[in-house]
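A.B. asks: I'd like to ask some things about the structure below.
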Amino acid sequence: MNSFLINTIKFFMIFYGSLLGLIFTSNYFISENANFKLDNNIDKIIVGNSQPECAYNDSLINNFKNLSSSAETYFYIYQKLKKVVEQNPQLQSVFIEFNPTNILIREDQKIWRDRYINHHLPNYNAFLNLKDNKLLALKNIGGYQHAILKSLGYNIERIALNRYNYIDSTGGYLYLNRHKVNKILDTLTPKNFNQHQKENIKLSNYDILYLDKIVQLCKEKNIAVYLIRSPYHKQFIGNQYETVFQQIKTERFNDIKFLDFKDFPLENSEFGDLQHLNYKGARKFSRWFNENIIDSLKNESIKVN
Amino acid sequence: MLFNSIDFAIFLPIVFLLYWFVINKNLKLQNAFLVAASYLFYGWWDWRFLSLIIFSTLVDYGIGRMLANEKKLNKRKVLLWISIIVNLGFLGFFKYYNFFLDNFIQAFSWLGTPISARSLNIILPVGISFYTFQTLSYSIDVYRKKLEPTKDIFAFAAFVSFFPQLVAGPIERATNLLPQFYKKRHFNYHKAVDGLRQILWGLFKKVVIADNCAYIVNTIFDDHQNYSGSTLVLGAVFFAFQIYGDFSGYSDIAIGTSRMFGCNLKQNFAFPYFSRDIAEFWRRWHISLSTWFRDYLYIPLGGSRGSKSQQVRNVFIIFLVSGFWHGANWTFIVWGGLNALYFLPLLLTNINRSHIDIVAVHKKWPSLNELFRIFITFTLTTIAWVFFRAESIDHAMEYISGIFSVSLFSIPQIRPTDLFILIIMFIGIEWAGRRNLYAIENFGFKWKRPIRILFYYTLIVLIFWFSRNDQEFIYFQF
């Protein structure tokens, strides 16, 4: 019996030991060589999920790069920003998407639930610290194990192919070519959204902490931080959390400038769906953003809500 | 609790350590602990349905005791029928109530006298088809005096609820499993290692083969109108591997786990896709169910004795009942019927027992003739699986007619290269280990130890790499 236990433990220790060794070594290589370098003229970036990903056509905005990625939570954005900030001393401003959906508990689940962790962790595993790893492991050990192994595969592939460019593989403007709003509105009764109260909804406990960390990181590097709300449709379901959203914003981020484009005038045909702009909307909004916001930033006379 | 879940990965070592280090003092404790662990395992899914298992255990234990003291045939028959009615009553209610109700309503409305009745929102208790048949086998064997009724309630409860095989088999016979709970189990190093090895292989089949096939299969079956004939063929073939990997994988984990606890379960799958005809396939597929039906239904009906017409009737009964056992849907009945049709020519020409040993038993490779037979058997089985997988008969018919179109000769729209490679590797290992109880039982034993260990590590890595956490075991629903 004892020899069975010893041999079984030995078997798994060798397995996990070798795996950990490989993970640490490859993470070290990746962390040392990962290239997050932006063009020298880029001094402003935006980060966030699919909303800014579809809204900011960075080819139309001066000195600006869209680094948003679908379903990316603050947890993963923070990992990315650590490297971007470190490798781009020219950065002056970071815009961070902040809207009512970002405060919900669903964002926490997007950190560790299987489909999200499998998608995001392989990109950022090399940049996570022990505490971040612990969070993922405790919340979803099965998904974490799977994603870690996948990360190792990604790492080995990147090292073998000498592919260290992360800027283009971890975000960018998404050209959305769809017009589903009229169809959606056909099946929807127009709503005057009843506002949820803070007590009635479950709010993010973990992801929101990483927004704090992002803000802190930028402040330490003397980079201007802006919370920004990209345009969305009036019938977007996120509107029902507006009161709570405003409350959280005031309580936690009152000292951060907030740029609110929720009501930016757009036609239905300029939305891909209620939450995302399509390429037409992105073109119109990006041009306006470039002329009115980027220029104002230069003069530091930006009008914010 | 799923075998491929973290819950089970924590549960198993704890129960294993307690079983061998703390509770190994005497037989009673061992059995009582196994019952408690099994109830915890089952209750993890839904504790309310534990009462069903406990009730079924008490009824069959009681009937066994009464049969022991009863000499009169009529009274013995009554006791047996009580057991049958109670067990099949539960099964019938939970599994078939809504099916019969819907079909009665449809039949009456077809006859022009529509009736209304309320269907119930019934949850099917996990594993009910398996433990019901297991307890029934006990009552029948005791009635037939093939087995001494047990006096030990804990041994009997352990037999009914033994957690490795509680929810999806193998369906054990009392004659095999129950006596193992009469003797104190002693730890056996080789048995335990072998158990671990079989668990590893079962996990590989389930997680790597079945779950990844399932992903493609679901995509193709759910949207079959939009796929070419060749893609539909691929979907059906992948389903054949999915169901084999899923169910035989579960059986391997169950058998391996049992061995770790000092119990031997019977082999449930013996490389069925290497069968050279349908009769051989059914001797190698879900053996515990096939032999259950053989012993408790087919043989009492007359089996292969009597006139040819009686034999044909018996074959149809056993296959149709087997289909219906799998689920309350006409698709399963058609699946059973189709297999009966496949079986018929072999029966009528008396060649249904011509392939007893595994193919190429003393050779490395099969002959061309054998290969052709294997291919035909696999094709027939795969066509039948379409009915098994489809939501309805119409769905299956549309799927099959979709296959036989010009697009059958086009390149499939879905070509998962990694899955193809995995399946080829899987078939290779299964072929190499086809003479054993499971494919890797002796696999690589001639290799140097580090290489063999590396092989096991590779399997573990593949399990982690290809795991998809959203797939349940198919046979849980039965």
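A.B. asks: Name the one entry in B:Ile171, B:Ile140 that is surrounded by fewer than 22 Cβ atoms within 10 Å (Cβ to Cβ) and either in a helix (DSSP H, G or I) or assigned by TED's automatic domain parsing to the domain that holds B:Ala37 (or both).
C.D. replies: Details: B:Ile171 fails: surrounded by fewer than 22 Cβ atoms within 10 Å (Cβ to Cβ).
One residue alone meets the criteria, B:Ile140.
A.B. asks: Take the conditions within 21 Å of B:Tyr250 (Cβ to Cβ) and either part of a helix (DSSP H, G or I) or more than 19 Å from the chain's Cα centre (by Cα) (or both) and apply them to B:Arg283. Does it pass?
C.D. replies: On the way: within 21 Å of B:Tyr250 (Cβ to Cβ): yes; either part of a helix (DSSP H, G or I) or more than 19 Å from the chain's Cα centre (by Cα) (or both): yes.
Answer is yes for this residue.
A.B. asks: Give me the pairs, please: first residue somewhere in the stretch B:377-395 and more than 19 Å from B:Asp223 (Cα to Cα) and of a type in the set (S, T, N, Q), second residue anywhere and assigned to a helix (DSSP H, G or I) and modelled with pLDDT under 90, beta-carbon distance under 9 Å, and either six or more positions apart or on two chains.
C.D. replies: Within 9 Å, no pair qualifies.
Per-residue answers, yes or no, for (1) among the β-branched types (Val, Ile, Thr); (2) more than 27 Å from the chain's Cα centre (by Cα); (3) in a helix (DSSP H, G or I); (4) in the same structural domain as B:Leu178 (by TED's automatic domain parsing):
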| site | (1), (2), (3), (4) |
| --- | --- |
| B:Leu18 | no, yes, yes, yes |
| B:Asn24 | no, yes, no, yes |
| B:Lys28 | no, yes, yes, yes |
| B:Leu34 | no, no, yes, yes |
| B:Trp44 | no, no, yes, yes |
| B:Trp47 | no, no, yes, yes |
| B:Leu50 | no, no, yes, yes |
| B:Thr57 | yes, no, yes, yes |
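A.B. asks: Is at least one residue of the stretch A:280-288 open to solvent by 30 Å² or more (accessible area, probe 1.4 Å), at negative phi and among the small types (Gly, Ala, Ser)? Give the steps one after another, and end with the answer.
C.D. replies: Pass one, the stretch A:280-288, residues open to solvent by 30 Å² or more (accessible area, probe 1.4 Å): A:280, A:283-284, A:287-288.
With the extra rule that they be at negative phi, the set shrinks to A:280, A:283-284, A:287-288.
Next, only the ones that are among the small types (Gly, Ala, Ser) stay: none.
Checked the stretch A:280-288: no residue is open to solvent by 30 Å² or more (accessible area, probe 1.4 Å), at negative phi and among the small types (Gly, Ala, Ser).
A.B. asks: Out of the stretch B:405-418, which residues are closer than 9 Å to B:Ser230 by Cα, outside any helix (DSSP H, G or I), open to solvent by 50 Å² or more (accessible area, probe 1.4 Å) and of a type outside the set (S, T, N, Q)?
C.D. replies: Listed by number, the list holds a single entry, B:Ile411.
A.B. asks: Now for a separate question. Quick check on this structure: which one of B:Leu18, B:Leu12, B:Leu2 is touching a residue at least 40 places away in the same chain (Cβ under 8 Å), within 14 Å of chain A (Cβ to nearest Cβ) and open to solvent by 40 Å² or more (accessible area, probe 1.4 Å)? Quick ask: steps written out before the conclusion?
C.D. replies: Working: B:Leu18 fails: touching a residue at least 40 places away in the same chain (Cβ under 8 Å); B:Leu12 fails: open to solvent by 40 Å² or more (accessible area, probe 1.4 Å).
Just one listed residue meets the conditions, B:Leu2.
A.B. asks: Determine which member of the set A:Asp108, A:Asp114, A:Asp132 is open to solvent by 10 Å² or more (accessible area, probe 1.4 Å) and not hydrophobic (A, V, I, L, M, F, W, C).
C.D. replies: A:Asp114
A.B. asks: Further question: Tell me the residue from B:Ile421, B:Ile427 that is open to solvent by 80 Å² or more (accessible area, probe 1.4 Å), in the same structural domain as B:Gly249 (by TED's automatic domain parsing) and under 20 Å from B:Gln242 (Cβ atoms), please. Give the derivation first.
C.D. replies: Values: B:Ile427 fails: open to solvent by 80 Å² or more (accessible area, probe 1.4 Å).
When all the criteria are applied, what remains is B:Ile421.
A.B. asks: Separate question: Looking for whichever is within 29 Å of A:Phe75 (Cα to Cα), under 23 Å from the mean Cα position of the chain (by Cα) and more than 10 Å from chain B (Cβ to nearest Cβ) here; the options are A:Gly17, A:Gly48. Which one fits? Break it down stepwise before answering.
C.D. replies: Details: A:Gly17 fails: under 23 Å from the mean Cα position of the chain (by Cα).
Just a single option satisfies the conditions, and that option is A:Gly48.
A.B. asks: Another question, then. Check A:Met1 against each of (1) loosely packed, with under 15 Cβ neighbours inside 10 Å; (2) in contact (Cβ under 8 Å) with a residue 40 or more places away in the chain and name the one condition it does not meet.
C.D. replies: (2)
A.B. asks: Going through the stretch A:148-176 one residue at a time, which ones are touching a Pro at 6+ places or on another chain (Cβ under 7 Å) and either open to solvent by 20 Å² or more (accessible area, probe 1.4 Å) or more than 22 Å from A:Lys134 (Cβ to Cβ) (or both)?
C.D. replies: Step one: filter the stretch A:148-176 for residues touching a Pro at 6+ places or on another chain (Cβ under 7 Å), giving A:150-151, A:154.
Matches in the stretch A:148-176: A:Lys150, A:Tyr154.
A.B. asks: Of these, B:Phe159, B:Phe241, which one is under 18 Å from B:Leu58 (Cβ atoms), crowded, with 22+ Cβ neighbours inside 10 Å, of a type in the set (Phe, Trp, Tyr) and more than 14 Å from every other protein chain (Cβ to nearest Cβ)?
C.D. replies: Values: B:Phe241 fails: under 18 Å from B:Leu58 (Cβ atoms).
Testing whether each residue is under 18 Å from B:Leu58 (Cβ atoms), crowded, with 22+ Cβ neighbours inside 10 Å, of a type in the set (Phe, Trp, Tyr) and more than 14 Å from every other protein chain (Cβ to nearest Cβ) leaves just B:Phe159.
A.B. asks: Still on this structure, I have one more. Take the residues in the stretch A:211-265 that are of a type in the set (Ser, Thr, Tyr) and in contact (Cβ under 8 Å) with a residue 60 or more places away in the chain; name whichever of them is surrounded by the fewest Cβ atoms within 10 Å (Cβ to Cβ). Break it down into steps so the answer makes sense when it comes.
C.D. replies: We begin by selecting, within the stretch A:211-265, every residue of a type in the set (Ser, Thr, Tyr); these are A:226, A:230, A:232, A:241, A:243, A:250.
From what's left, in contact (Cβ under 8 Å) with a residue 60 or more places away in the chain: A:226, A:230, A:232, A:241.
Values: A:Tyr226: 20, A:Ser230: 30, A:Tyr232: 26, A:Tyr241: 23.
Once the filter is applied, the top-ranked residue is A:Tyr226.
A.B. asks: Which condition does A:Ala34 not pass, out of (1) of a type outside the set (S, T, N, Q); (2) buried (at least 18 other Cβ atoms within 10 Å of the Cβ); (3) at the interface with another protein chain (Cβ under 10 Å from one of its Cβ atoms), if it passes all the others?
C.D. replies: Checking A:Ala34 against (1) of a type outside the set (S, T, N, Q); (2) buried (at least 18 other Cβ atoms within 10 Å of the Cβ); (3) at the interface with another protein chain (Cβ under 10 Å from one of its Cβ atoms), the one that fails is (3).
The values are calculated or read from the model by the stated rules, or taken from the named source; none is laboratory data. None of these values were measured; they are calculated from a predicted model. Backbone-built Cβ (ideal geometry, glycine too); neighbour counts: all protein chains shown. These accessible areas exclude ligands, DNA and RNA; they are computed on the full protein's heavy atoms, side chains included. Shrake-Rupley method; radii C 1.70, N 1.55, O 1.52, S 1.80 Å.
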